[in-house]
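Reading through the structure tokens given below for one structure.
The values are calculated or read from the model by the stated rules, or taken from the named source; none is laboratory data. Note that this is a predicted model, so its numbers are computed, not measured. Ideal geometry is used to build each Cβ from the backbone, glycine not excepted, and the neighbour counts take in all protein chains shown. In case anyone asks, the SASA skips ligands and DNA or RNA and just uses the protein heavy atoms, side chains included. Shrake-Rupley method; radii C 1.70, N 1.55, O 1.52, S 1.80 Å.
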Amino acid sequence: HGTSPHGKEGIFSMKKDRSYPEELAKRGYVTLAPDTITMGERVFPGCRPLDTAPFYKRFPNRTIQGKNIWDQKRALDVLEQMPEVDRKKIGAMGHSLGGRSTHYLTAFDERVSCAAISCGIIPLASNYLLFAPKIYDALPTLREILGKGLPFEKHELTSLIAPRPVMIVSPANDRKRRTDVMSAMMHRLFAVYRLYEKESHLCQFLHGDGHTTTPFTRELIYQWMDRHLNAGKYRK
């Protein structure tokens, strides 16, 4: 799910343009969409949603992003133990914060064999949001590092996914993402996939629909998952 005080409810019942779990389940997938810490059922007692201050008070040397990765790894543990699940065919997808969660989880856990990242990759070179005051603070240590320069860029993180299939969905008219920087990153990422001779495992869909996922975009993502997870035989 994305950045929402409602957590998973935001993609189950509140926003029809984000109802991935239901739509994927109808295609024959087992789906799991846990709440992210500080949202949904995981808001800290006495705090408003997205408030990360209690976490950093208890764990000053850790990050919310690291916690999210650890939690999502445990979600994969759960899926692997379910008899309905083919543990060799686990995919991940998400939009906005959900896209960022998909990005990091897939990079750091090879059990995810196919991914679709929608509006989840913001180049550090254009990410002014890292420096803006905000209540939901996922990577405070990265903000400190970026104040001294640009140590790496997001395509290097994405390279950890190679040669596994990944679709990157980007809106050209989303002010948070510079299309020129994203295009340069995709060229560098494509070179990594070329080394593996797996160019067909990398896809970018650039659209003009803004910060959302239309039915057309979602259908492209689902077909990407079907193709690379060989899931067509499970569809009703």
Where does the chain land at 222 nm, in deg cm²/dmol rounded to the nearest 500, when only DSSP H runs of n ≥ 4 count, each adding -39500 (n - 2.57), divided by all residues? -11000 deg cm²/dmol
Pick from V192, V85, V43: which is most flexible by mean-square fluctuation in a GNM of the chain where alpha carbon atoms under 10 Å apart are linked? V85
Here the Cα Rg-to-2.2 N^0.38 Å ratio for the range 168-228 is 1.21
I'd like the accessible area for F152, computed on protein heavy atoms only with a 1.4 Å probe and all protein chains in place. Round to 10 Å², please. 70 Å²
Loop-exposed GluC sites (Glu not before Pro) per DSSP, neighbour cap 11 Cβ within 10 angstrom, longest uninterrupted part of the chain: 111-196
How big is the Cα convex hull of the chain in projection, averaged over all directions, in nm²? 13.1 nm²
Quick one: which residues, 5+ away or cross-chain, put their amide H under 5 Å from the amide H of F205? H built at 1.01 Å from N. I168, V169, S170
Per 5 angstrom bin, beginning at 0 and ending with the bin that holds the maximum distance, the Cα pairs of the range 39-120 fall in percents of 3, 13, 20, 22, 19, 13, 8, 3, 0
29 Å Cα-Cα threshold exceeded, pairs from K16/K57; K67/K198; K16/K89; K89/K154; K26/K67; K148/K198: K16/K57; K67/K198; K26/K67; K148/K198
The set of residues whose placed amide H lies less than 5 Å from the amide H of M93, leaving out same-chain residues fewer than 5 positions away, is A116
Charges only on Cβ, +1 for Lys and Arg, -1 for Asp and Glu: so what's the dipole of the range 4-156 about the Cα centre, in debye to the nearest 20? 220 debye
Dipole of the range 1-117, positive direction: furthest Cα of V85, P34, P60, with charges on the beta-carbon: P60
